[in-house]
Amino acid sequence: MSLGDRNRLLVPISEQDHIQGWVSASVALVEYGDYQCPTCGEVHQLIKAIQTQVNDLCFVFRHFPQSQIHLYALRTAEAAEAAAAQGQFWQMHDLLFTHQQALGNAYLVEYANHLRLDIPRFLQDISSQVHLDRIHKDIESGHHSKVTAAPALFINGIRYHDRWNIEPLIAAIVTTNH
């Protein structure tokens, strides 16, 4: 592996990813995130702001739960995937980041209920861990691209290493896009 590969996204965006926008957009932003990670919560807000400022943006979220430090990391990723199975990934994604202080099982059911999901199916998906392989594929793709912690961002395939502030992030997007 060359030194340049350390800062590159080595697993390309595919139909298996959770995508907002068009894959053909001029800017592709890939995040490896953890719903319980406070910094990931801040990055979520930054990305929401960026989505209003950058028109031609493809945003991809990949799970990177840090279960060794966040008790609810894996379970919330499973909840997001259980919601995805019912066509509500992005809605659950936003709820989980909005309510990072309330991620226990009862809250997950409350969020699923709020989204009008089929609750028995949602609970069955989580209890039988049917989406675990999908989550592990995201984690493995992160490891392949040398991700060791969340959040990790890639702009047009290049790892972003600057501060988690709107100005440097927008500047990196503009620079990478030209």
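So residue 98 passes all but one of these: (1) loosely packed, with under 14 Cβ neighbours inside 10 Å; (2) touching an Asp or Glu at 6+ places or on another chain (Cβ under 8 Å). Which condition number does it fail?
(2)
Restricting to the stretch 132-178, count the residues that are assigned to a loop (DSSP other than H, G, I, E, B) and either under 14 Å from residue 43 (Cα atoms) or among the aromatic types (Phe, Trp, Tyr) (or both).
8
Would you call residue 114 in contact (Cβ under 8 Å) with a residue 60 or more places away in the chain, over 17 Å from residue 77 (Cα atoms) and open to solvent by 80 Å² or more (accessible area, probe 1.4 Å)?
no
Do we have residue 108 as open to solvent by less than 70 Å² (accessible area, probe 1.4 Å), in contact (Cβ under 8 Å) with a residue 40 or more places away in the chain and either in contact with a helix residue (DSSP H, G or I) (Cβ under 7 Å, 6 or more places away or on another chain) or under 30 Å from residue 176 (Cβ atoms) (or both) here?
no
The values are calculated or read from the model by the stated rules, or taken from the named source; none is laboratory data. Just so we're clear, the structure is a prediction, and the values are computed from it rather than from any experiment. Methodologically, a virtual Cβ is constructed for each residue, glycine included, from the backbone with ideal geometry; neighbour enumeration extends over all protein chains shown. Heads up: the accessible areas ignore ligands, DNA and RNA and are worked out on the full protein's heavy atoms, side chains in. Shrake-Rupley method; radii C 1.70, N 1.55, O 1.52, S 1.80 Å.
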